[in-house]
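Structure, as structure tokens:
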Amino acid sequence: MKIGIYALAKNEIKHAAQWSESCREADVRVVTDTGSTDGTVEALEAAGVTVARGYVCPWRWDDAHNLSLNHLPPDIDIAIRLDLDERIQPGWREAVERAWTDGVNNLRYHYVWSWAPDGSEGLAFHCDRVHSRHGFRWAQATHEGLVCWSGEKVQAFAEGLQIHHHRDAGKKHVTDLTLLEVAVREAPHDARAQWYLARELDYAWRTEAADAFRKYLGMPGGTATERSYAERSLYRLTGDEQHLHNAAKEAPGEPDGWERLAFVNYQRREWNNVIGFARQANAADWPGTHCTDPHAPTKALDLLAVALWELGQRHEALRHARQAAARWPLDERLANNVAAMERILSAGAAA
């Protein structure tokens, strides 16, 4: 079984050494450079990586990644797209080989997209960039998806395979909005493309964002978590609380909709409602997705603690407040809440 790693690069010298080291157990590592001037090519070649040159005009991410994939030799069995700001974690090869059973042509795995200030995982979800060398391609001008165009996509989860993302602070692809408009124009019935366009319009504070989310929700397809995200966004953009109830209904196993309902009721001091919704958030057991707020469960614990305290259930409130503070150790407000609760309860016991 031959495994090939492929990637794009342009002026990524700060990542070259760690990227190369993380994937050195691959049979082939090919990076397609699109015009580096900072020594990236030389650093990769010094680490034993094959560097190809490529030029994509007009620029679009699917064409670029397909070019990079095509630079892998044809005798590769398994291809892994590993961007230069990503690190595949030790033990990866054994995990891939173990999960690659008869019939499987695509693997999902644990992917950490961002990190909390204390170094713990931030946003994490399952990603799918491990696939058969043949029969797959990337599609969509940006936020490109992996498409199986030859046969059916047969997925398995690779236990023990992790890829960690280390995005440069402040990095943003300035072409995303333009390319998403291209993607929707090319595939006007593609719900995934419409969702990403709506989200990008929202990021840019464009007034069209609400209508774009509404259009997405009126389309067939999409995923439960993306639909829930769209509903939560519409609540924020319109103030109509029904959107939060819709969000929770769309993805009841995700904490976000429940946590937002708890917060709305917290603002109204409707403590029993806060408790009910916060408990629903903490009972949610879906793995994170690209639509999930990684801090939603902690926010729900905080709200639960406040509501229980207000209703006189103070020892249980303290227990939840401690849990929230342990999950978010750098948050002074949470730590101060715990300390204040402890002082009040101690004073009451002493009296």
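What does segment 232-350 give for Rg and for Dmax, in Å, if only its C-alpha atoms count?
14.8, 50
Show the residues, 5+ positions off or on another chain, whose built amide H is closer than 5 Å to the amide H of Val130.
Excluding prolines and chain starts, which carry no amide H, the hits are Leu107.
Rounded to the nearest Å, what's the spacing between the alpha carbon centres of segment 183-231 and segment 279-351? Just the number, please.
Spelled out, the Cα-based centre of one part sits 34 Å from the other.
Just the C-alpha atoms of segment 3-165: what Rg/Rh do they give, with Rh taken as the Kirkwood radius?
Result: Rg/Rh = 0.95.
Report, to the nearest 10°, how far helix 332-350 tilts away from the longest principal axis of the Cα atoms in the chain, using its own Cα long axis and a range of 0 to 90°.
Helix 332-350 sits roughly 30 degrees off the main axis of the chain.
Can you work out ³J(HN,Hα) from phi for every residue in segment 293-301, in order, using Karplus 6.51 cos²θ - 1.76 cosθ + 1.60 and θ = phi - 60°, giving whole Hz and x for Gly and Pro?
Those phi angles translate into 7, x, 9, 4, x, 5, 4, 5, 4 Hz.
Using only the Cα atoms of segment 105-229, build the gyration tensor, take square roots of its eigenvalues as a ≥ b ≥ c, and label the shape rounded, prolate or oblate: rounded if a/c is under 1.5, else prolate if a/b is larger than b/c, else oblate.
Judged from the Cα gyration tensor, segment 105-229 comes out oblate (a/c at least 1.5, b/c at or above a/b).
Residue by residue through segment 131-145, what is 3J(HN,Hα) from phi via Karplus (6.51 cos²θ - 1.76 cosθ + 1.60, θ = phi - 60°)? Round to whole Hz and write x for glycine and proline.
The phi angles translate into 8, 4, 4, 10, x, 10, 8, 9, 9, 3, 4, 8, 6, 4, x Hz.
Take the alpha-carbon centre of segment 70-125, take the same for segment 144-176, and report the distance between them in whole Å.
Result: 8 Å between the Cα centres.
Please list, ordered by chain and number, the residues whose modelled amide H lies under 5 Å from the amide H of Leu84; skip anything fewer than 5 residues away on the same chain.
The answer is Leu8.
Between Asp211 and Met1, with labels modelled 7 Å along Cα→Cβ, what's the label distance in nm to one decimal, could you check?
So the two model labels end up 5.1 nm from each other.
Go ahead and set up a Gaussian network model of the chain, Cα springs under 10 Å, then flag whichever of Trp19, Trp92, Trp205 fluctuates most.
Trp205
At R0 = 51 Å, how high is the FRET efficiency between Gln313 and Glu186 if r is their beta carbon distance? Nearest 0.05 is fine.
Once the sixth-power term is evaluated, E becomes 0.40.
Kindly express, to the nearest 10 degrees and within the range 0 to 90, the angle between helix 13-22's C-alpha long axis and the longest C-alpha principal axis of the chain.
Rounded to the nearest ten degrees, it is 90.
Which order do peptides 75-85, 118-128 fall in by mean Cβ count within 10 Å, highest first?
Those peptides, ordered most packed to least, come out 75-85, 118-128.
What FRET efficiency comes out for the pair Asn336/Glu159, r = Cβ-Cβ distance, R0 = 51 Å, nearest 0.05?
0.80
Determine the shape class of segment 172-222: with a ≥ b ≥ c the square roots of the Cα gyration tensor eigenvalues, call it rounded for a/c under 1.5, and otherwise prolate if a/b is greater than b/c, oblate otherwise.
Because a/c hits 1.5 or more and a/b fails to exceed b/c, segment 172-222 counts as oblate.
Over the chain, what per residue volume does the convex hull of the Cα atoms give, in whole Å³?
In the chain, the Cα convex hull volume per residue is 158 Å³.
Would you pull out the residues with amide H under 5 Å of Gln162's amide H, same chain only if 5 or more places away, H placed 1.01 Å from N?
Residues meeting the criterion, in which the H sits 1.01 Å from N, are Gln89.
Which whole-Hz ³J(HN,Hα) couplings does segment 48-65 yield from phi under the Karplus relation 6.51 cos²θ - 1.76 cosθ + 1.60, θ = phi - 60°, glycine and proline marked x?
x, 8, 6, 10, 9, 10, x, 9, 10, 8, x, 5, 7, 6, 5, 4, 5, 6
Do any of Lys215/Lys249; Lys2/Lys172; Lys215/Lys299 go past 25 Å between their Cα atoms, and which?
Lys2/Lys172; Lys215/Lys299
Every number in this text was worked out from the coordinates using simple rules, so none of it is lab data. If you're wondering where the values come from, they're calculated on a predicted model, not measured in any experiment. Every residue, glycine among them, receives a Cβ derived from its backbone with ideal geometry; neighbour counts consider all protein chains shown.
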